[in-house]
1. If you roll a 1.4 angstrom probe over the protein chains with everything in place, what fraction of the accessible area of region 1-142 belongs to carbon and sulfur, to the nearest %?
2. Once you order the gyration tensor axes a ≥ b ≥ c over the Cα atoms, which shape class does the chain get: rounded for a/c under 1.5, otherwise prolate or oblate by comparing a/b with b/c?
3. Given +1 on the Cβ of Lys and Arg, -1 on the Cβ of Asp and Glu, and no further charges, what dipole in debye does region 353-408 carry about its Cα centre, rounded to the nearest 20?
4. Quickly estimate the mean residue ellipticity at 222 nm for the chain, helices only: each DSSP H run with n ≥ 4 gives -39500 (n - 2.57), and the total goes over all residues, rounded to 500.
5. Which pairs in the list 218/324; 175/340; 235/380; 175/248 are over 22 Å apart, alpha-carbon to alpha-carbon?
6. Sum up the charges of everything whose Cβ sits under 10 Å from the Cβ of residue 93, counting Lys and Arg as +1 and Asp and Glu as -1, but leave residue 93 out.
7. Using DSSP to call loops (not H, G, I, E or B), can you name the GluC sites (Glu not before Pro) in region 47-146 whose Cβ has at most 12 other Cβ atoms within 10 angstrom?
8. Mind listing which trypsin sites (Lys or Arg not before Pro) in region 18-58 are in a DSSP loop and have 11 or fewer other Cβ atoms within 10 Å?
Amino acid sequence: MNLTQNTTKIYFDVASIRKDFPILSRTVNGRPLVYFDNAATTQKPQVVIDAITKYYTHQNSNIHRGVHYLSQVATQAYEDSREKIRAFINAEKNHEVIFTKGTTDGINLVANGFGRKFIGAGDEIVISELEHHSNIVPWQMLCEEKGAVLRVAPINEVGEIVMEELLKLLSPRTKLVAISHVSNALGSVNPIKEIIKKAHDLNIPVLIDGAQAIQHTKVDVQDLDCDFYVFSGHKLFASTGVGILYGKEEFLNKMNPYQGGGDMIKTVTFEKTTYNELPHKFEAGTPHIEGGITLGTAIDYVNSIGLENISAYEQELLEYATEKLSQLEGIRFIGTAKEKASVISFLIDGVHPYDLGVILDKMGIAIRTGHHCTQPLMQKFNIPGTARASFAFYNTKEEVDVFIASVIKAAAMLK
Ligand code: PMP
């Protein structure tokens, strides 16, 4: 067996894991695919692909409404999946798990359902400089509508939130703190537990954008004590168009629904509508049923490998790639926080990241180039964008070697 190990640890059999992901054995531009764009979206294991086929072959029906057999089968599978997700993030209650379209949708739900009700003129929302546009723009829109103020906690030169500065921004005017768990552009892991604690000391609720954390590390929403936690299924080896908003029951109950329509109502007359209970109050319309069900399958798959093993292995890949890349002439890393997830953003002197991305693609290597939906962060570093390699547990050191040899070749062509 080809076990992946360092001197002390055996995490899992990466060769056999790779066989679980059919796309990894394809070629791109005549070369074996090296997929290092996992922060944008992850590949899907065969069990998830099979579950999608199984749903449409044997289970397809609309949920929550039908008395017939298939509707009950689909409803049961959907609700079973909600329970798996609850357990995965250790939410206390099943109805605190709301199906959404993804991270962006979850943040917009909170901006509309919580923000429009509880945030008013002169109130403040605190975010940080390293947020994704999804965790900036919905708050800006809310501030514009309500006359509220967006306050931005700075980061230091290595890409860590400056805690003293963030704490200075918290005041009785602060009505929400919205911070990412892990930065998609830099990989920095933010000290969210500490931020949540400090905000709670002042009775300020906290939303965590977990889009880049949920696939790398164990998330326990009760231990974190966050009020909201959002993530996307597609970054967790499941479908696009499905995601999760975890919210504490006390907040979800107080909030207004985000969208009106079927499923989210208890009674409707032309004079007045009463809303359904959680979680349905926030799940208007026919949802992404297959996506919801197969997100549960993806979670079963991740659990079968173990997030501790995934984290440890990815950290090893990160260190290996960082060490090797740092030997390249003219390389500059953007984001060197002490705590990092498996994301490496970099620039090479005299090489435009876009050109590098195009040439690497010709060599079968998928990386991301550009501003990574973090334009203010790029402005902070005074750069137009970066080249970003992001790893999942199915990537290997051999792929890192191919990547680095290709970067050297591409850079030589471009300089
Ligand atoms: N926040 C972060 C930190 C992200 O990385 C992303 C996706 N790149 C998002 C939010 C938005 O996620 P989605 O596009 O799946 O809604």
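1. The computed percentage sits at 53.
2. oblate
3. Once rounded to the nearest 20, the dipole reads 240 debye.
4. Helix contribution divided over all residues of the chain: -11000 deg cm²/dmol.
5. 218/324; 175/340; 235/380
6. -1
7. Listed in order of number, the matching sites are 92.
8. Here the sparse-neighbourhood loop sites are 26.
The values are calculated or read from the model by the stated rules, or taken from the named source; none is laboratory data. The model shown is predicted, which means the values in this text are computed figures rather than measured ones. All Cβ positions, even for glycine, are placed from backbone atoms using ideal geometry, and neighbour counts span all protein chains on display. Accessible surface areas use protein heavy atoms only, side chains included; no ligands, DNA or RNA. Shrake-Rupley method; radii C 1.70, N 1.55, O 1.52, S 1.80 Å.
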